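The values are calculated or read from the model by the stated rules, or taken from the named source; none is laboratory data. What you are looking at is a predicted structure, and each value in this text was computed from that prediction instead of being measured. So basically every Cβ, Gly included, is an ideal-geometry build from the backbone, and we count neighbours across all protein chains shown. These accessible areas exclude ligands, DNA and RNA; they are computed on the full protein's heavy atoms, side chains included. Shrake-Rupley method; radii C 1.70, N 1.55, O 1.52, S 1.80 Å.
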Amino acid sequence: MKTYQKIHRSCQRLNSSEICEKQSECTWCISITNPSICISNNEIKSIPTSVFICDAFHTSQQIMSSLLFSLSPPHNYCAPKNYNEIIYLSSLFIYELQEENGDTIENALHHLADLIVYLSQCSDYDLTEEIRSNIEFSLNILRNPKQIYYNAGNEIKINGIELYNEITDLIKSKELNDFVLFGRNIGNIIKKIFNSLKNNKEKINLTKNENLKSVSSSSNSNNNNEEKKKEVSEILDQNLLHISKESSNNQNKNDESSLSQQIVSEALEGIFDMAIANFDIPPISECISKEKSEIILTHLNTAIDLLSQDQLVNYLSGLEEFSLIFKSLSEEISHCKKFSATHSRILLNLSKKLEDPHDVEYNEGRIFKINNTELRHDIVSAVGDWHRRMWGGFGFKFGIALAKLTQAGEVKILKEISRQRK
């Protein structure tokens, strides 16, 4: 019994997956709604499977192997190197879907696309050109959906492609912890997207041929017939080319003008969802201009660069950058009707807490505490998401760190908000 308790305590002290997995008696358990933890192997059965996944290596193999088989039978084995990232993306994907609104569905699609990319780590064979093409088409749709239609409990359409049943099956397989079925259902989504695109192309070609046939049957002269067929063909081709170019140009313009706003909105809204969990803050994007977003993004990138370096002075400087961000936002939203004076006060309070933190404890590679609150694990995990371009995941995890740091200080303000609502 004493030996077990000793192992239990030694595992709990390990706060990173790399260190935890080097200990044969310990297992790393991943969660997106709670901090991931290191536990002893004897504790695994007591951990709720709805919250934690504790066997990332084998679980990721099940997901990716069944996904691979659904797309490229008879290949049915894949052992990806980044198994922890795959489990995290899978969990975050399902979490976003279960929130059930248009914004989180778009985030979920991005996470799914990032997950599918890890098929490239199935290195025992080469995907055929056709399968690679199918995957690339599907990834483009998932990452850049032009239209998302959502009707709670009934419909989820991406660019007109109905995916409600496939996504529902995917959620159910995760709830059942059937990760073989989970991977297969991801494959079904990819195939559904590609087949819909393929059918649309065939319809365009059919329309084109019917127009040509109509011209042919109505012509009395062979020469006129050929000329008209050529004319119709050229018109159709030009229209399709024009649509394609216009769509591409519009997409590039939209991407260029909105990327900074998208990153800033996803990151900050993720932070506020967790840091101020008891109070809804309106969408940041409604009150921040493109120019302001670019300024905030500059501060965010600076903060991430600092937090990526595991040194005390960089941690403190990184938090100071966030202090500047929150102070600037506090002033910005004070001129926006969507926000109240209380919102500004909350952000200003966050800014002050990060500007000059007291009672700091630091041990390189192990501990970063403020006011006896351990923050390093959440910060490291958040920074990892940023580097993977998972802006919402970054905000979610960094928000957890801020929530731990500011929880006591926010109680008074939140009580005041509650009274104002009544």
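Do you know which of the residues in region 42-91 that are exposed (fewer than 15 other Cβ atoms within 10 Å of the Cβ) and β-branched (V, I, T) is nearest to S173 (Cα to Cα)?
T49
Would you check which residues across region 369-408 are open to solvent by less than 20 Å² (accessible area, probe 1.4 Å), in a loop (DSSP other than H, G, I, E, B) and out of contact with any Gly (no Cβ under 9 Å at 6 or more places or on another chain) and list them?
Scanning region 369-408 gives a single hit, L375.
Only residues that are without any contact (Cβ under 8 Å) to a residue 40 or more places away in the chain and among the β-branched types (V, I, T): list them for region 164-175, please.
Across region 164-175, the qualifying residue is only T168.
Criterion first (farther than 21 Å from S90 by Cβ and either open to solvent by 50 Å² or more (accessible area, probe 1.4 Å) or over 18 Å from the mean Cα position of the chain (by Cα) (or both)) does N177 satisfy it?
no
E43 is checked against (1) assigned to a helix (DSSP H, G or I); (2) over 30 Å from E136 (Cβ atoms); (3) in contact with a Phe, Trp or Tyr (Cβ under 9 Å, 6 or more places away or on another chain) and fails just one. What number does that condition carry?
That leaves (3) as the condition not met.
Restricting attention to region 290-307, does a residue exist that is surrounded by fewer than 19 Cβ atoms within 10 Å (Cβ to Cβ) and outside any helix (DSSP H, G or I)?
no
Assuming C11 fulfils every condition listed in (1) open to solvent by less than 30 Å² (accessible area, probe 1.4 Å); (2) in contact with a helix residue (DSSP H, G or I) (Cβ under 6 Å, 6 or more places away or on another chain); (3) modelled with pLDDT of 85 or more apart from one, which condition is it?
(2)
Matching residues to (1) polar (S, T, N, Q); (2) closer than 22 Å to S381 by Cα; (3) in contact (Cβ under 8 Å) with a residue 24 or more places away in the chain:
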position	(1), (2), (3)
S60	yes, yes, yes
S70	yes, no, yes
N84	yes, yes, yes
I105	no, no, yes
D114	no, yes, yes
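Just a yes or no: is a residue in region 94-111 in contact with a Phe, Trp or Tyr (Cβ under 9 Å, 6 or more places away or on another chain), assigned to a helix (DSSP H, G or I), over 30 Å from Q147 (Cα atoms) and open to solvent by 10 Å² or more (accessible area, probe 1.4 Å)?
Taking every residue of region 94-111 in turn, none turns out to be in contact with a Phe, Trp or Tyr (Cβ under 9 Å, 6 or more places away or on another chain), assigned to a helix (DSSP H, G or I), over 30 Å from Q147 (Cα atoms) and open to solvent by 10 Å² or more (accessible area, probe 1.4 Å).
Which one of these is surrounded by 15 or more Cβ atoms within 10 Å (Cβ to Cβ), in contact (Cβ under 8 Å) with a residue 60 or more places away in the chain and touching a helix residue (DSSP H, G or I) at 6+ places or on another chain (Cβ under 7 Å): I193, I189, I156, I161?
I189
If you check E266 against the conditions, is it at pLDDT below 85, under 24 Å from I105 (Cβ atoms), open to solvent by 30 Å² or more (accessible area, probe 1.4 Å) and in a helix (DSSP H, G or I)?
Answer is yes for this residue.
Just need a number here: residues in region 311-321 that are under 25 Å from the mean Cα position of the chain (by Cα) and under 15 Å from R366 (Cβ atoms).
1
Residues in region 313-330: is at least one part of a helix (DSSP H, G or I), more than 27 Å from S265 (Cβ to Cβ) and aliphatic (A, V, I, L, M)?
Yes, region 313-330 contains a residue that is part of a helix (DSSP H, G or I), more than 27 Å from S265 (Cβ to Cβ) and aliphatic (A, V, I, L, M).
For region 106-127, give me each residue that is modelled with pLDDT of 80 or more and under 21 Å from R184 (Cβ atoms).
Selection gives A108, L109, H111, L112, A113, D114, L115, I116, V117, Y118, L119.
Suppose we keep only residues that are without any contact (Cβ under 8 Å) to a residue 40 or more places away in the chain and assigned to a strand (DSSP E or B) within region 331-366. Which one would you say is surrounded by the fewest Cβ atoms within 10 Å (Cβ to Cβ)?
Among those residues, the one meeting the criterion is N363.
Give region 69-81 a look and list any residue that's out of contact with any Phe, Trp or Tyr (no Cβ under 6 Å at 6 or more places or on another chain) and assigned to a loop (DSSP other than H, G, I, E, B), or say none.
S72, P73, P74, Y77, C78, A79, K81, listed by residue number.
Can you name the residue in region 134-150 that is in a helix (DSSP H, G or I) and open to solvent by 60 Å² or more (accessible area, probe 1.4 Å) and is also farthest from R388 (Cα to Cα) among such residues?
F137
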